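A.B. asks: Can you keep this structure in mind? I'll have questions shortly.
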Amino acid sequence: MTDLIDGNAAADVVVPSVDAAPDSQTVGWRHRHLLDVDELSTADLDLVMRTTDAMREVLARPIAKVPALRGRNVTILFYEASTRTRVSFEVAARNLSADVTNIAAQTSSVSKGESLVDTIRTVEALGARMLVMRHAVSGAPYLAAEVFGGSVLNGGDGWHAHPTQALLDLYTMRSRLSGGSVAGRKIVILGDVLHSRVARSNIWALTAAGADLWLCGPTTLLRGFEAWAGRGAAGGRRFHVTADVDRALRDADVVMALRIQRERMSSGLLPSLREYAARYGLTAARLALAQPGALVMHPGPMNEGVEIAPEVAAGAQSVITDQVTNGVAVRMAMLYLLAGVSAAGAAP
Amino acid sequence: MTDLIDGNAAADVVVPSVDAAPDSQTVGWRHRHLLDVDELSTADLDLVMRTTDAMREVLARPIAKVPALRGRNVTILFYEASTRTRVSFEVAARNLSADVTNIAAQTSSVSKGESLVDTIRTVEALGARMLVMRHAVSGAPYLAAEVFGGSVLNGGDGWHAHPTQALLDLYTMRSRLSGGSVAGRKIVILGDVLHSRVARSNIWALTAAGADLWLCGPTTLLRGFEAWAGRGAAGGRRFHVTADVDRALRDADVVMALRIQRERMSSGLLPSLREYAARYGLTAARLALAQPGALVMHPGPMNEGVEIAPEVAAGAQSVITDQVTNGVAVRMAMLYLLAGVSAAGAAP
Amino acid sequence: MTDLIDGNAAADVVVPSVDAAPDSQTVGWRHRHLLDVDELSTADLDLVMRTTDAMREVLARPIAKVPALRGRNVTILFYEASTRTRVSFEVAARNLSADVTNIAAQTSSVSKGESLVDTIRTVEALGARMLVMRHAVSGAPYLAAEVFGGSVLNGGDGWHAHPTQALLDLYTMRSRLSGGSVAGRKIVILGDVLHSRVARSNIWALTAAGADLWLCGPTTLLRGFEAWAGRGAAGGRRFHVTADVDRALRDADVVMALRIQRERMSSGLLPSLREYAARYGLTAARLALAQPGALVMHPGPMNEGVEIAPEVAAGAQSVITDQVTNGVAVRMAMLYLLAGVSAAGAAP
């Protein structure tokens, strides 16, 4: 297992000077789109982490803005309701001085029966150069990327992927764990793994980074993941799957609770919220099984009292608010890196 | 009753130079939040009025913008539908060169069961430095202010308070009444006082400014206000409460009609819109009871033909449109004054 | 029929220098509003076309922005759901460095029973200097123009008019047809003409420009247009109306398919979408009746497989995506030209 992406990675990685416009030649980023984490090498991940460091530094300034993407159109096309991810991308783009166009497709004439391909072509013709997209259908951003002339950033597609979430999770762990690396650390993702794009993208990121990854939840919400764990991600990067919450949490370095969608209850996959909370909720008692000082994470929004106890969510070990701020920084980093490739690309 | 806030107030009040970034040391503003008018001293009110004068001057420029809040994030989090107040804050913030993030919480994933405290923490972690908030629950902005690291501006909470509305009302009266003061003037608030946050915030502002304040409406819509009037606001600033519309309007200097919410009809508090219009609507005949040239005001949006006759709303005595423009100027003033305190505060 | 608006028009028309703020004296534009195309002279149309050329040149720059309207408030007030027109105006305004305020009136408190006149007065008092408006009622923007102190741009009113669509259609044809002119060219508008504001505005623009215009669709969707064609537009500019699709398409230079609104089906005006597609859909076989290389246009959003076949919409003759980009440029041109008049007008 390589470990290039820890805090002591190769010294020859260029740290971008993010105040200026991006330039792929200097920075060494090659991808035009961000569709999922599985396409990123460990060197790519390391570059994202270092660029995010630079963006955190920007966020700490009195005026948290750089002119890097001045005048560039970033369009945020969301087919599912979202506030935190949408606002995070919007703030990230504006912090880079981009012009942001918001399209909430579920409430707009985009839904007048127009095909996705037509919508993407229209959005590009309207001036979009970078397209952040959320869609209920897994794979929709891949179709968009085939049609769109600029860069597509996947902001969540069905149960499939949520790459910026996995990147911000990785960044948060690296910045909080001693040694600045997740390699060899026991990381538990707890909850409704089956329906979670967050879990799937984290499998790619965390196994690539050498973590000892455990997925835990009711067996009905782990379907298919045992087989995947047996094969390993990317043809061999193994991880663990268990319904035994005590076994999963014991000596963990990080525990990430996933949101329980209340609408799953009716599907028969879960008996009741109360029973879920009793058997899998991240309580202080359960957290005590983990390492002292283990990190508590959650992608939000939380159902406090269900998948996580309020005192754990707000406790000293929680880095949930830090995840949110890191999300802005990671999205700034991704917009910056992708913009360098687009700028170097074909005619506008 | 002090009268510091009239047009001839103490000459040693500093008039802010609003083109530059705010600085609380120079300006002398102390409050971190704007939750209601009751927390403002007459000196505070005077400073708001003078800063609003400066903002009106900015609005009269060909390019109505100053760089005072450049790069600062103002987040507008509204849990109730609103256009005029939301747009007013948005325009105010942009006129100060701030970056504005709009979150319409009633249509967003903020409503996915997340607690208000979690939402406030998330919004701050996303970069909000000033938070304008409207909520259906009285007191919600007070809870937000306990959690939020920046400044909270109450954009209306339940029936409780709408401080920027009261401030723009006060500014409008001062700028239109001869002598530039409301002290000793007879001011009538007419209509559904019971459910009105506008009325409640105006009670604080107008009694502090020494007005002869009258609340008038059907007795069912004045419940509790007689007792309050007897005690007086802030421990002794008396006002009048009556269901006798002729008595209220006689010799009035200002008449402010309140919006009748059509949905109140079903509650049994009002017989019908038609009967309300007949008995309490502000008609030309009723307005004739007031002083010649008495000001006609309304917080909007109006039900013309119900609480106010169209010819009165659009008549020569109406300053309703002026209220709207003053609303932008007052909100610019409040954002400016609060930003000075935040900038002087703790770590970002 | 004059032909001033072709590519070889009078050389003394001033081409605006669109990087600077607009100035009506220099540019020679006289209208304060854009309500429909019928009010524009051929010289006006020519100026719009030339200004749009300049805007296309701006769009081709790496940073597609000019400071022409810096600090000016453009308010987009839409009473009907729309994405493409709303975003097109928003991007156009931002490309001119204007500040954009979006008001989606159908989901906002604007719909709390407030009259249109009150809303317009409020929007102006909030700072709007240019108002882009879409409304389900034909004529609503004319009422707004009587009240509003700045410039009103009609973004579509009922079945009546959609002037910027007609202007972008004209621009697209001129830029794609050999000779740079529509004069004498056979142009077919195919589909639901009856309910189409796009068709109505195009009648004014295309007959003014000397085109050989044909309207074609089921007779139930052409009601009233035969009589209009007999009289001619503007007191004599004739055009053709027919239900015979083969006759309409034969030797056409341009075919513009109109969107079929699915909700029209229930009205009894159309038998079924399937039958409509079979009899009037723009298929490859039908397009073969037109001139080789005839342009295919559609105002969007498309129902592919109904009014237009997917292979035609995406085929080599389609200029549909070009229409979208030209829409941004035309709207930049109109905002620019109207702003010059407003700036030269009365007090702010």
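A.B. asks: Provide a single number: the residues in region C:123-141 that are under 20 Å from C:Phe89 (Cβ atoms), assigned to a helix (DSSP H, G or I) and touching an Asp or Glu at 6+ places or on another chain (Cβ under 8 Å).
C.D. replies: Qualifying residue count, region C:123-141: 2.
A.B. asks: Out of A:Gly327, A:Gly305, report the one residue that is within 14 Å of another protein chain (Cβ to nearest Cβ) and at positive phi.
C.D. replies: Details: A:Gly327 fails: at positive phi.
Answer to the check: A:Gly305.
A.B. asks: Residues being of a type in the set (D, E, K, R), crowded, with 16+ Cβ neighbours inside 10 Å and assigned to a helix (DSSP H, G or I): count how many of those fall in region A:282-323. Steps first, answer last, please.
C.D. replies: Of all residues in region A:282-323, those of a type in the set (D, E, K, R) come to A:286, A:304, A:307, A:311, A:322.
Cutting the leftovers down to crowded, with 16+ Cβ neighbours inside 10 Å gives us A:286, A:304, A:307, A:322.
Checking which are assigned to a helix (DSSP H, G or I) leaves us with A:286, A:322.
Number of matching residues: 2.
A.B. asks: Going by what's in this entry, would B:Met55 be described as modelled with pLDDT of 95 or more, of a type outside the set (Lys, Arg) and more than 16 Å from the chain's Cα centre (by Cα)? Show your work before the answer.
C.D. replies: Working: modelled with pLDDT of 95 or more: yes; of a type outside the set (Lys, Arg): yes; more than 16 Å from the chain's Cα centre (by Cα): yes.
Answer is yes for this residue.
A.B. asks: Consider B:Arg197 against the criteria (1) over 11 Å from the mean Cα position of the chain (by Cα); (2) more than 14 Å from every other protein chain (Cβ to nearest Cβ): it satisfies all of them except one. Which criterion is unmet?
C.D. replies: (1)
A.B. asks: Out of the residues in region A:238-276 that are among the acidic types (Asp, Glu) and touching a residue at least 60 places away in the same chain (Cβ under 8 Å), state the one that is nearest to A:Arg176 (Cα to Cα).
C.D. replies: Of all residues in region A:238-276, those among the acidic types (Asp, Glu) come to A:244, A:246, A:251, A:253, A:263, A:275.
Now restrict to residues that are touching a residue at least 60 places away in the same chain (Cβ under 8 Å): A:251, A:253.
Values: A:Asp251: 17, A:Asp253: 11 Å.
Checked region A:238-276; the qualifying residue nearest to A:Arg176 (Cα to Cα) is A:Asp253.
A.B. asks: Moving on to the next point. Failed condition for C:Ala136, given (1) at pLDDT 95 or above; (2) in the same structural domain as C:Asn73 (by TED's automatic domain parsing), with all others met?
C.D. replies: Looking at each condition in turn, C:Ala136 falls short on (1).
A.B. asks: On to the next question. Tell me which residues, restricted to region C:185-195, are out of contact with any Gly (no Cβ under 9 Å at 6 or more places or on another chain) and surrounded by 24 or more Cβ atoms within 10 Å (Cβ to Cβ).
C.D. replies: C:Ile187, C:Val188
A.B. asks: Given A:Leu45, A:Leu96, which one is within 14 Å of chain B (Cβ to nearest Cβ) and touching a residue at least 60 places away in the same chain (Cβ under 8 Å)?
C.D. replies: Working: A:Leu45 fails: within 14 Å of chain B (Cβ to nearest Cβ).
Sole residue among the options that is within 14 Å of chain B (Cβ to nearest Cβ) and touching a residue at least 60 places away in the same chain (Cβ under 8 Å): A:Leu96.
A.B. asks: It is to be established whether one or more residues within region A:133-147 are of a type in the set (Gly, Ala, Ser) and either within 14 Å of chain C (Cβ to nearest Cβ) or more than 26 Å from A:Gly235 (Cα to Cα) (or both).
C.D. replies: Residues of region A:133-147 that are of a type in the set (Gly, Ala, Ser), as a first pass: A:136, A:138-140, A:144-145.
Those left that are additionally either within 14 Å of chain C (Cβ to nearest Cβ) or more than 26 Å from A:Gly235 (Cα to Cα) (or both): A:136, A:144.
Yes, that holds for at least one residue.
A.B. asks: Among the residues of region A:142-152, write down those that are surrounded by 24 or more Cβ atoms within 10 Å (Cβ to Cβ) and either in contact with a Phe, Trp or Tyr (Cβ under 8 Å, 6 or more places away or on another chain) or among the β-branched types (Val, Ile, Thr) (or both).
C.D. replies: A:Val152
For (1) basic (Lys, Arg); (2) touching a Lys or Arg at 6+ places or on another chain (Cβ under 7 Å); (3) more than 14 Å from every other protein chain (Cβ to nearest Cβ); (4) closer than 30 Å to A:Leu96 by Cα, each residue gets a yes or a no:
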residue	(1), (2), (3), (4)
A:Arg237	yes, no, yes, no
A:Asp253	no, yes, yes, no
A:Gln261	no, no, no, no
A:Gly281	no, no, yes, no
A:Leu287	no, no, yes, no
A:Gln291	no, no, yes, no
A:Ala294	no, no, yes, no
A:Pro301	no, yes, no, yes
A:Ala313	no, no, no, no
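A.B. asks: If a residue must be in a helix (DSSP H, G or I) and either polar (S, T, N, Q) or under 25 Å from the mean Cα position of the chain (by Cα) (or both), how many such residues does region B:266-275 contain?
C.D. replies: Keep residues of region B:266-275 that are in a helix (DSSP H, G or I), which gives B:266-267, B:273-275.
Add one more test, that the residue is either polar (S, T, N, Q) or under 25 Å from the mean Cα position of the chain (by Cα) (or both), and what stays is B:266-267.
Looking only at that region, the number is 2.
A.B. asks: Let me ask something additional. With the requirement that a residue be surrounded by 24 or more Cβ atoms within 10 Å (Cβ to Cβ) and in a helix (DSSP H, G or I), what does region C:52-78 give you?
C.D. replies: Result: C:Thr52, C:Met55.
A.B. asks: When B:Arg279 is evaluated against the numbered criteria (1) free of Cβ contacts under 8 Å to residues at least 40 places away in the same chain; (2) part of a helix (DSSP H, G or I); (3) surrounded by fewer than 17 Cβ atoms within 10 Å (Cβ to Cβ), which criterion, by number, is the only one it fails?
C.D. replies: Of everything listed in (1) free of Cβ contacts under 8 Å to residues at least 40 places away in the same chain; (2) part of a helix (DSSP H, G or I); (3) surrounded by fewer than 17 Cβ atoms within 10 Å (Cβ to Cβ), B:Arg279 misses just condition (1).
A.B. asks: Do any residues in region B:127-154 that are without any contact (Cβ under 8 Å) to a residue 40 or more places away in the chain have Cβ atoms under 6 Å from those of residues that are in a helix (DSSP H, G or I), where the two are at least six apart or on different chains, and which pairs are they?
C.D. replies: Going by the 6 Å Cβ cut-off, the qualifying pairs are B:Ala144/B:Ile120; B:Val147/B:Val117; B:Val147/B:Ile120; B:Phe148/B:Ile120; B:Phe148/B:Glu124.
A.B. asks: Another question, if that's okay. Evaluate the following for B:Arg30: is it basic (Lys, Arg) and either within 9 Å of another protein chain (Cβ to nearest Cβ) or not in a helix (DSSP H, G or I) (or both)? Show your work before the answer.
C.D. replies: Working: basic (Lys, Arg): yes; either within 9 Å of another protein chain (Cβ to nearest Cβ) or not in a helix (DSSP H, G or I) (or both): yes.
In short, yes.
A.B. asks: Is at least one residue of region B:319-339 touching a residue at least 24 places away in the same chain (Cβ under 8 Å), among the small types (Gly, Ala, Ser) and under 30 Å from A:Asp322 (Cβ atoms)?
C.D. replies: yes
A.B. asks: Being small (Gly, Ala, Ser) and more than 7 Å from chain B (Cβ to nearest Cβ) is the filter here, so list the residues in region A:53-85 that pass it. If you could, list the steps in order and put the result at the bottom.
C.D. replies: Step one: of region A:53-85, the residues small (Gly, Ala, Ser) are A:54, A:60, A:64, A:68, A:71, A:81-82.
Of everything in region A:53-85, those that are small (Gly, Ala, Ser) and more than 7 Å from chain B (Cβ to nearest Cβ) turn out to be A:Ala54, A:Ala68, A:Gly71.
A.B. asks: Scan region C:286-294 and give yes if some residue there is of a type in the set (Gly, Ala, Ser), assigned by TED's automatic domain parsing to the domain that holds C:Arg200, under 24 Å from A:Thr122 (Cβ atoms) and touching a residue at least 40 places away in the same chain (Cβ under 8 Å), otherwise no.
C.D. replies: Yes, some residue in region C:286-294 is of a type in the set (Gly, Ala, Ser), assigned by TED's automatic domain parsing to the domain that holds C:Arg200, under 24 Å from A:Thr122 (Cβ atoms) and touching a residue at least 40 places away in the same chain (Cβ under 8 Å).
A.B. asks: Here's a follow-up. Taking helices (runs of 4 or more DSSP H) that fall entirely within region B:173-251, which contain at least 1 residues that are under 16 Å from B:Gln291 (Cβ atoms)?
C.D. replies: Numbers: elements: B:197-208, B:225-231, B:245-249.
Of the helices (runs of 4 or more DSSP H) lying wholly inside region B:173-251, those with at least 1 residues that are under 16 Å from B:Gln291 (Cβ atoms) span B:245-249.
A.B. asks: For the condition more than 14 Å from chain A (Cβ to nearest Cβ), buried (at least 19 other Cβ atoms within 10 Å of the Cβ) and farther than 20 Å from B:Met256 by Cα, what is the one hit in B:Asp157, B:Asp118, B:Asp169? Working first, answer last.
C.D. replies: Values: B:Asp118 fails: more than 14 Å from chain A (Cβ to nearest Cβ); B:Asp169 fails: farther than 20 Å from B:Met256 by Cα.
The conditions single out B:Asp157.
A.B. asks: A further question on this structure: What's the number of the only condition in (1) closer than 22 Å to A:Ala92 by Cα; (2) at the interface with another protein chain (Cβ under 7 Å from one of its Cβ atoms) that B:Ser88 fails to meet?
C.D. replies: If we test B:Ser88 against (1) closer than 22 Å to A:Ala92 by Cα; (2) at the interface with another protein chain (Cβ under 7 Å from one of its Cβ atoms), just (1) comes out false.
A.B. asks: Anything in region C:179-200 that is more than 25 Å from C:Trp159 (Cα to Cα) and without any contact (Cβ under 8 Å) to a residue 60 or more places away in the chain? List them, or say none.
C.D. replies: Residues of region C:179-200 that are more than 25 Å from C:Trp159 (Cα to Cα), as a first pass: C:179-181, C:183-185.
Hit for region C:179-200 is C:Gly184, nothing else.
A.B. asks: Kindly evaluate B:Val341 against the criterion of being more than 9 Å from every other protein chain (Cβ to nearest Cβ), closer than 22 Å to B:Val91 by Cβ and not in a loop (DSSP other than H, G, I, E, B). Before the answer, list the steps.
C.D. replies: Details: more than 9 Å from every other protein chain (Cβ to nearest Cβ): yes; closer than 22 Å to B:Val91 by Cβ: no; not in a loop (DSSP other than H, G, I, E, B): yes.
Judged against the criteria, B:Val341 is not a match.
A.B. asks: Restrict the check to region A:264-274 and report whether at least one residue is of a type in the set (Ser, Thr, Tyr) and within 29 Å of A:Thr75 (Cβ to Cβ). Break it down stepwise before answering.
C.D. replies: Of the residues in region A:264-274, the ones of a type in the set (Ser, Thr, Tyr) are A:266-267, A:272.
Next cut, within 29 Å of A:Thr75 (Cβ to Cβ) only: none.
Checked against the condition, which is being of a type in the set (Ser, Thr, Tyr) and within 29 Å of A:Thr75 (Cβ to Cβ), region A:264-274 yields no hits at all.
The values are calculated or read from the model by the stated rules, or taken from the named source; none is laboratory data. Values in this document were obtained by computation on a predicted structure and should not be read as measured data. Note: ideal-geometry Cβ built from the backbone for every residue, glycine included; neighbour counts use all protein chains shown.
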